[in-house]
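Engineer: Below you'll find the structure I mean.
The values are calculated or read from the model by the stated rules, or taken from the named source; none is laboratory data. A quick note: this is a predicted structure, and the numbers were derived from the prediction, not measured. Don't worry about glycine lacking a Cβ; one is built from the backbone with ideal geometry, like all the others, and counts go over all protein chains shown. Remember, those area values only see protein heavy atoms, side chains included, never the ligands or the DNA or RNA. Shrake-Rupley method; radii C 1.70, N 1.55, O 1.52, S 1.80 Å.
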Amino acid sequence: MSHIVNIKTAGIPLKQAEKALIMVHGRGGSAQDILSLSQHLEVKDYALLAPQALNHTWYPYSFMAPVDENEPWLSSALEMIEETVKIIVESGIQPENIYFFGFSQGACLTLEFLARHAQKFGGAVAIIGGVIGDKINRDNYKGDFAGTPVFLGTSNPDFHVPVERVYATANILREMNAEVTEKVYANFGHSINEEEIELANSIIFK
């Protein structure tokens, strides 16, 4: 089984936009849900694209499960993000003007995609997520972010994402020359808070 390419759009039409934001929803969420968050982001002049996971789930088990247990769904999900990037680039927008926003399972998928395809992007926001796998396979992660700004926000504790994995992810991205800002909120719960939105705007979408 695999995902069917299904990308919802909003904002400025792709052909008219100079920047694009890919928004990746969490488990049980939808493309429309995550697109609605864009009203709080400084992305008025961006094309917005949100891929939709089949059955609202990118992969079946925890992101900390052995990778093989989440296949073939994980590879299919990563291909969907890659296809979304390809559509944007083919419209004439360069990677340095492509941005990412992911929440929870969508944050994990976004970070895994970015670490596997490191290059100069516009920037990325990942709220409650980390790179995927029971063990981190550093060999999967190649490239150079060339100073791409990345904001990681999370709660500690979080019942899905251990804070240790967020820190480990931040370190990997830094090794690959991303400009990483991480912010940990004590006992905030599994959601997005107002300060994270403000930091996303000031650090990434400024």
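Engineer: Could you tell me whether the range 13-25 includes any residue that is open to solvent by 20 Å² or more (accessible area, probe 1.4 Å), under 14 Å from residue 110 (Cβ atoms) and in contact (Cβ under 8 Å) with a residue 12 or more places away in the chain?
Structural biologist: Filtering the range 13-25 down to residues open to solvent by 20 Å² or more (accessible area, probe 1.4 Å) leaves 13-16, 18-19.
Cutting the leftovers down to under 14 Å from residue 110 (Cβ atoms) gives us none.
For the range 13-25, residues open to solvent by 20 Å² or more (accessible area, probe 1.4 Å), under 14 Å from residue 110 (Cβ atoms) and in contact (Cβ under 8 Å) with a residue 12 or more places away in the chain: absent.
Engineer: One residue is enough: does the range 69-85 have a residue meeting the conditions open to solvent by less than 10 Å² (accessible area, probe 1.4 Å), at pLDDT 95 or above and β-branched (Val, Ile, Thr)?
Structural biologist: yes
Engineer: Another question about this same structure. How about the range 1-47: which of its residues are more than 19 Å from residue 77 (Cβ to Cβ), of a type in the set (A, V, I, L, M) and touching a Leu at 6+ places or on another chain (Cβ under 6 Å)?
Structural biologist: Matches in the range 1-47: 10, 43, 47.
Engineer: Which residues, counting only those in the range 129-151, are open to solvent by 50 Å² or more (accessible area, probe 1.4 Å) and β-branched (Val, Ile, Thr)?
Structural biologist: 136
Engineer: Restricting the search to the range 152-163, which residues are within 15 Å of residue 111 (Cα to Cα) and either assigned to a helix (DSSP H, G or I) or open to solvent by 80 Å² or more (accessible area, probe 1.4 Å) (or both)?
Structural biologist: Once the filter is applied, which keeps residues that are within 15 Å of residue 111 (Cα to Cα) and either assigned to a helix (DSSP H, G or I) or open to solvent by 80 Å² or more (accessible area, probe 1.4 Å) (or both), the range 152-163 yields only 163.
Engineer: If you don't mind, there's one more thing I want to ask. Please tell me if residue 203 is touching a residue at least 24 places away in the same chain (Cβ under 8 Å), over 25 Å from residue 67 (Cβ atoms) and either open to solvent by less than 30 Å² (accessible area, probe 1.4 Å) or not hydroxyl-bearing (Ser, Thr, Tyr) (or both). Break it down stepwise before answering.
Structural biologist: Working: touching a residue at least 24 places away in the same chain (Cβ under 8 Å): yes; over 25 Å from residue 67 (Cβ atoms): yes; either open to solvent by less than 30 Å² (accessible area, probe 1.4 Å) or not hydroxyl-bearing (Ser, Thr, Tyr) (or both): yes.
For residue 203, the condition - touching a residue at least 24 places away in the same chain (Cβ under 8 Å), over 25 Å from residue 67 (Cβ atoms) and either open to solvent by less than 30 Å² (accessible area, probe 1.4 Å) or not hydroxyl-bearing (Ser, Thr, Tyr) (or both) - is met.
Engineer: From the list 177, 171, which one is on the phi > 0 side of the Ramachandran plot and open to solvent by 60 Å² or more (accessible area, probe 1.4 Å)?
Structural biologist: Numbers: 171 fails: on the phi > 0 side of the Ramachandran plot.
Sole residue among the options that is on the phi > 0 side of the Ramachandran plot and open to solvent by 60 Å² or more (accessible area, probe 1.4 Å): 177.
Engineer: Filter the range 26-51 down to the residues that are closer than 11 Å to residue 101 by Cβ and in a helix (DSSP H, G or I), then identify the one that is most open to solvent (accessible area, probe 1.4 Å).
Structural biologist: 40
Engineer: Go through the range 189-200 and count every residue that is crowded, with 18+ Cβ neighbours inside 10 Å and over 17 Å from the mean Cα position of the chain (by Cα).
Structural biologist: Total satisfying the criteria: 0.
Engineer: I'd like to verify a number: residues in the range 86-128 that are open to solvent by 30 Å² or more (accessible area, probe 1.4 Å) and over 13 Å from the mean Cα position of the chain (by Cα), how many? Working first, answer last.
Structural biologist: Just the residues of the range 86-128 that are open to solvent by 30 Å² or more (accessible area, probe 1.4 Å), to begin with: 86-87, 89-90, 92, 94, 96-97, 103, 116-117, 119-120.
The next check asks that each one be over 13 Å from the mean Cα position of the chain (by Cα); those that pass are 86-87, 89-90, 92, 94, 96-97, 119-120.
Of the residues in that region, 10 qualify.
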